[in-house]
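The values are calculated or read from the model by the stated rules, or taken from the named source; none is laboratory data. Predicted model, so just to flag it, every value in this text is computed and none were measured. As a convention, Cβ positions derive from the backbone with ideal geometry for all residues, glycine included, and neighbour counts pool all protein chains shown. Surface accessibility is based on the protein's heavy atoms, side chains included, excluding ligands, DNA and RNA. Shrake-Rupley method; radii C 1.70, N 1.55, O 1.52, S 1.80 Å.
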Amino acid sequence: MSFRVERVYTVIPCQITYTVYEASGTIIFTETITNPPGPPPPAPPCFIGTPAYLTISVIPGTPIPFTVPVDCSVVSKWINCPTPHFHPFSACLITDPTSTCSNVLQISL
């Protein structure tokens, strides 16, 4: 299966590192971003694999990675950036409406 990534940003002004894994624990890719981001990046490549879960760490505030399943469920995590509060994270795999790749991994950060 191929997939591309779409990120949905909310209001955390932090550095976020996430890693996408297959169910076997094999890493598909890792990315570090600053949130909110600058201008949109060029079209992302299609990654090969079946994403099952992500680990996410937030700097500053929550440097210990936590797990978010790729099942559209929301994981609320206590984040200390910029002020302490619970913040929702989620990841959904949907069919790619543009047909660029087979699927889209939508990650809400």
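Would you check if there is a residue in region 52-63 being surrounded by 12 or more Cβ atoms within 10 Å (Cβ to Cβ), of a type outside the set (G, A, S) and over 17 Å from Q15 (Cα atoms)?
So far as region 52-63 goes, yes, one or more of its residues are surrounded by 12 or more Cβ atoms within 10 Å (Cβ to Cβ), of a type outside the set (G, A, S) and over 17 Å from Q15 (Cα atoms).
For region 70-98, what are the residues that are within 16 Å of F47 (Cβ to Cβ), open to solvent by 30 Å² or more (accessible area, probe 1.4 Å) and not β-branched (V, I, T)?
Going through region 70-98, the residues within 16 Å of F47 (Cβ to Cβ) turn out to be 70, 91-96, 98.
Those still in the list that are open to solvent by 30 Å² or more (accessible area, probe 1.4 Å) too: 93-95, 98.
Once the filter is applied, which keeps residues that are within 16 Å of F47 (Cβ to Cβ), open to solvent by 30 Å² or more (accessible area, probe 1.4 Å) and not β-branched (V, I, T), region 70-98 yields only L93.
Is it the case that V11 is at pLDDT below 90, open to solvent by 40 Å² or more (accessible area, probe 1.4 Å), in contact with a strand residue (DSSP E or B) (Cβ under 9 Å, 6 or more places away or on another chain) and of a type in the set (A, V, I, L, M)?
So V11 fits the description; yes.
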